[in-house]
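These notes concern the structure reproduced below.
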Amino acid sequence: MTRKGPTAMSPVLTRRSLTTTLAGVAAMVLLAACGGSSSGGSSDKVRFGYINDFNGASLIAIAEAEGLWKKHGLSADAKVFTNGPLQIQALGTDNLDFGYIGPGAMWLPASGQAKVVAINTLGNSDRVLAQPGITSMQQLKGKTVAVPEGTSGDMILSLALEKAGMTKEDLKVVPMDPSTIVSAFSSQQVDGAGFWYPAAATIKKQVPDLVELAKNADFEQDVSFPTAFVAGNKVVADQPEKTKKVLAVLREAMTFRSEHTDEAIKLTADKLKIPVEQVKADAANNKVLSVAELDELTRDGTVVKWLEGMNDYFVNAGKLKKPADPKTYYTGDLFTGAGK
């Protein structure tokens, strides 16, 4: 059977075909962009906050180096913050989707301002620091003490004062951001500080004889100090698929960190552009938990008990009016579920 028709297309037909083809390609690109996520065109992009230390940055460094964001269908815009409360504020104003907080900021999700989507590590980085010659909390009475308000530095100071039978009224407490505390303590403008490592190590280079009056381990029989990852309330409620993807990334990065700790330290050092030994010393102040441990601690109620113990502290410290049920702000089921 002989095929009928011209042996070559006319210029008009060629242009028309090309136009149609290009229009089809454009439509396919648009559909791919809009259909690549279950919760909106931009839901594959995640704005993630972190702090420049091992606890706050190690999983981000691993996720970037190992291509975990892309693997799970995400692109991450990682933003550095100086503390947890600032990240909670950014979550509340929709300038951030996820973030990292230390134990001292846990009262903020407990008061309903965010969700705790994953426990990270158990912290032992916080210290009450004093200038050389001050050897007890009682000797800080009437003296100037700097603290980043609402952080774990604030928490360790309050716990140490309570143990010594004192309150903040016995001190001249001055709220300061972390970088200001480093310079103020180093230049002896303050007598003490509620602070944390690794920033405390920077002070120690300038004031090698400083005194550590208290640390987390002094109170571990009564209070645990979990660090955590948090998310905006609307993100968890309205973007479940994005939340699940992020948790999958965190779980995979946690597995890498617990199985390849030395490499995780190096990746963190590379990201933060600081010496490996400095990150290694920082990591030594914290207990890294594996995914299997976190799943078990979530299922058996241990994490809830940690948070209940912290809530009791926050009530006594005046941060919370009454204890909050951790099940209202810790989404442990989402964390364990992301591993299925």
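For the chain, the longest principal axis of the Cα atoms and the long axis of helix 302-316 meet at an angle of about 50 degrees.
The orientation-averaged projected area of the convex hull spanned by the Cα atoms of the chain comes to 24.3 nm². Here the Karplus relation 6.51 cos²θ - 1.76 cosθ + 1.60, evaluated at θ = phi - 60°, turns the backbone of the range 156-167 into coupling constants of 5, 5, 5, 5, 5, 5, 4, 5, 8, x, 10, 9 Hz, with x for every Gly and Pro.
If I stretch the segment between LYS321 and ALA284 completely, what's the gain in nm (0.36 nm per residue apart, minus their alpha carbon distance), one decimal? If you can, show how the numbers build up before the last one.
Values: separation 37, 0.36 × 37 = 13.32 nm, distance 3.48 nm.
Roughly 9.8 nm would be gained on extension.
Under the simplified labelling scheme, the GLN221-LYS163 pair shows an inter-label distance of 1.1 nm, with each label point 7 Å from Cα along Cα→Cβ.
What relative contact order, as a whole-number percentage, does the range 182-340 give when Cα pairs under 8 Å and 6 or more residues apart are counted? Each step should come with its number before you reach the end.
On the way: 86 pairs, mean separation 37.4, N = 159.
Answer for the range 182-340 is 23 percent.
222 nm [θ] for the chain, helices only, -39500 (n - 2.57) per DSSP H run of 4+, per residue, to 500?
Numbers: 15 runs with 159 residues, N = 340.
Using -39500 (n - 2.57) per qualifying helix, the result is -14000 deg cm²/dmol.
Sequentially through the range 130-140, phi angles give Karplus couplings (6.51, -1.76, 1.60; θ = phi - 60°) of 9, 5, x, x, 9, 10, 8, 4, 4, 6, 8 Hz, Gly and Pro residues having no value and appearing as x.
With all protein chains kept in place, the per residue accessible area of the chain amounts to 49 square angstrom at a probe of 1.4 angstrom.
The value of relative contact order for the chain, using C-alpha pairs under 8 Å at least six residues apart, is 24 percent.
Computed about the Cα centre, the dipole magnitude for the range 131-183 is approximately 220 debye when only Lys and Arg (+1) and Asp and Glu (-1) carry charge, each at its Cβ.
For an R0 of 45 angstrom, estimate the FRET efficiency from the Cβ-Cβ distance between GLN139 and ALA237 and round to the nearest 0.05. With a Förster radius of 45 Å, E is 0.35. Mean sequence separation of contacting Cα pairs (under 8 Å, at least six apart), scaled by the length of the range 126-218, corresponds to a relative contact order of 49 percent.
Over 28 Å apart at the Cα level, from the set LYS234/LYS327; LYS242/LYS271; LYS115/LYS172; LYS205/LYS280; LYS280/LYS321; LYS172/LYS215, are LYS115/LYS172; LYS280/LYS321. Report, in degrees rounded to the nearest 10, the 0 to 90 angle that the Cα long axis of helix 261-272 makes with the longest principal axis of the chain. Between helix and principal axis, roughly 80 degrees.
The listed peptides 100-107, 175-182, ordered by packing as a protection proxy, come out as 100-107, 175-182 (highest mean of other Cβ atoms within 10 Å first). The apolar share of the surface of the chain, taken as the fraction of accessible area on carbon and sulfur atoms (1.4 Å probe, ligands and nucleic acids excluded), comes to 53 percent.
By the gyration tensor of its Cα atoms, with a ≥ b ≥ c the square roots of the eigenvalues, what is the shape of the range 126-218: rounded for a/c under 1.5, prolate for a/b over b/c, or oblate? Here the range 126-218 falls in the rounded category. Just checking the listed ones, LYS205, LYS280, LYS70: in the Gaussian network model of the chain with Cα springs under 10 Å, the one fluctuating most is LYS205.
The values are calculated or read from the model by the stated rules, or taken from the named source; none is laboratory data. No experiment lies behind these values; they were computed from the predicted model shown. Heads up, the Cβs are rebuilt from the backbone with ideal geometry, glycines too, and the neighbour counts pull from every protein chain shown. Heads up: the accessible areas ignore ligands, DNA and RNA and are worked out on the full protein's heavy atoms, side chains in. Shrake-Rupley method; radii C 1.70, N 1.55, O 1.52, S 1.80 Å.
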